Amino acid sequence: MRTVVVHGAGDLRVEDRPAPVPQPGEVLVAMTHGGICGSDLHYYREGAVGAFAVREPLALGHEVVGRVAEDPAGRLRPGTPVAVHPGTCCGRCQECREGHPQVCRETRYLGSAAAFPHTQGGFAGQLAVPSGRLYVLPAQLPLSRAVLAEPLAVALHALRRAGDLAGARVLVNGAGPIGALTAGAAADRGAEEVWACDIREPQLRIAERAGASTTVLAGRDTLPAEHFDVVVEASGAPSAPAAVMGAIRRRGVMVQLGSAPAGSVRIPFGPVVAKEIEVRGTFRFEHELGTALAMLAASGRAEAVITRTFPLRDAVEAMETAADPAVPGKVVLLLDDEDTTAGSARGGIEDACSSQTAAASAAGGNSTTGNSTTGNSTTGTTRRAAT
């Protein structure tokens, strides 16, 4: 079966591997769709994610869905559409016992070099998955939309960390795929206002379609002072926490969702102390995958986040596209290689991208996590409401 495998920095191959044989308790899944995540890009470009370096060939991919090919236990019929929970925890540590498996010290995640031997991922023709990690899709949910379930679950967990959003004023800083999904989920959870901020106009257009009510183009527009009950920092830009701190109301909450690169990140403790701002971290997700699937089944709005699709055989081109700051939104691999629309753009979003390339490159942002107010970029004088 064809599999997308990284061998080191810049060395990505589509190669043949033997089809897996399901072990007791496992189900064989024929994979259909896989979303390219920032961690996949780091492994491709740098051969590592932080301290987790590739030490053996690693199949990438953790945002994956497919159809049951074989269930030896006979519980799931062949052809049943399923989403794959990419994480496996130990179930024994204090964090697991308290119901927080996402911070388990022994967690293994699909397509990750955090452990050795590495945990092979799902960008492949087939994958053997423990039955407890499979979620049957709602009847009305297509696999092409269900591929967003994992990143949407990450967004939902970040909002859960923020607390009750009913009537809240929320800013999502960084309108990449995760940021756009977070904006839409905040609206669904009852936020009175949902703002999205980014350094690129095309990303903001996607956030609007996903559910943001107001957008802020960093470098042109101004964030209102002490306006937001909750700020979700989804860009990971090292200077972003300082740039958005003034927009958080007194006793407000900032949730750090974006992962910053290695090195120091400046968080101004003056306003944190003087305004009693709570800064909370968020990592992956707990039990939100089922909720994400239900939300995706109820509405197709989140599908605006998917802008490009490629067949598995063109994985290198797909990775380069996903890493291009001029291409907004989520890039998806068609793992069964049968969709003739692969490589096409969706929704006309990319038509407005070329004019943003020079400014975006100068800002040094990352298209996979979204980009945001950095340094003194919130010095504009206007803001634009979404239509």
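Would you confirm whether or not region 24-40 contains a residue that is touching a Phe, Trp or Tyr at 6+ places or on another chain (Cβ under 7 Å), at pLDDT 95 or above and surrounded by 17 or more Cβ atoms within 10 Å (Cβ to Cβ)?
Yes, that holds for at least one residue.
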Inset, instruction - Would you check if T3 is farther than 14 Å from G111 by Cα and either at pLDDT 95 or above or open to solvent by less than 30 Å² (accessible area, probe 1.4 Å) (or both)? - result: no
Inset, instruction - Just give me the residues in region 289-306 being in contact with a Lys or Arg (Cβ under 7 Å, 6 or more places away or on another chain) and either free of Cβ contacts under 8 Å to residues at least 60 places away in the same chain or part of a loop (DSSP other than H, G, I, E, B) (or both), in sequence order. - result: G300
Legend entry - Meets criteria (surrounded by fewer than 16 Cβ atoms within 10 Å (Cβ to Cβ), without any contact (Cβ under 8 Å) to a residue 40 or more places away in the chain and in a helix (DSSP H, G or I)) for V273: yes
Legend entry - Filter pass, G281 being surrounded by fewer than 16 Cβ atoms within 10 Å (Cβ to Cβ), among the small types (G, A, S), more than 15 Å from G174 (Cα to Cα) and free of Cβ contacts under 8 Å to residues at least 24 places away in the same chain: no
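Out of the residues in region 194-244 meeting the condition of being polar (S, T, N, Q) and in a strand (DSSP E or B), tell me which one is surrounded by the fewest Cβ atoms within 10 Å (Cβ to Cβ).
Among those residues, the one meeting the criterion is T214.
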Inset, instruction - Tell me, please, whether a residue that is touching a helix residue (DSSP H, G or I) at 6+ places or on another chain (Cβ under 6 Å), within 30 Å of P81 (Cβ to Cβ), open to solvent by 10 Å² or more (accessible area, probe 1.4 Å) and not polar (S, T, N, Q) can be found in region 157-168. - result: no
Legend entry - Those residues of region 70-98 which are open to solvent by less than 40 Å² (accessible area, probe 1.4 Å) and assigned to a strand (DSSP E or B), in sequence order: P81, V82, A83, V84, G87
Legend entry - Condition broken by A59, with the remaining ones in (1) open to solvent by 20 Å² or more (accessible area, probe 1.4 Å); (2) under 13 Å from G122 (Cβ atoms) satisfied: (1)
Inset, instruction - Can you run down the residue pairs with Cβ atoms below 7 Å, 6 or more apart or on separate chains, where the first is in region 251-264 and in a loop (DSSP other than H, G, I, E, B) and of a type in the set (S, T, Y) and the partner is at pLDDT below 95 and open to solvent by less than 10 Å² (accessible area, probe 1.4 Å)? - result: S259/G236
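The values are calculated or read from the model by the stated rules, or taken from the named source; none is laboratory data. This structure is a prediction, so every number in the text was calculated from the model and none was measured. Positions of Cβ are backbone-derived with ideal geometry, glycine not excepted, and every protein chain shown enters the neighbour counts. Ligands, DNA and RNA are stripped out before the accessible areas are found, and what is left, the full protein with its side chains, is counted by its heavy atoms. Shrake-Rupley method; radii C 1.70, N 1.55, O 1.52, S 1.80 Å.
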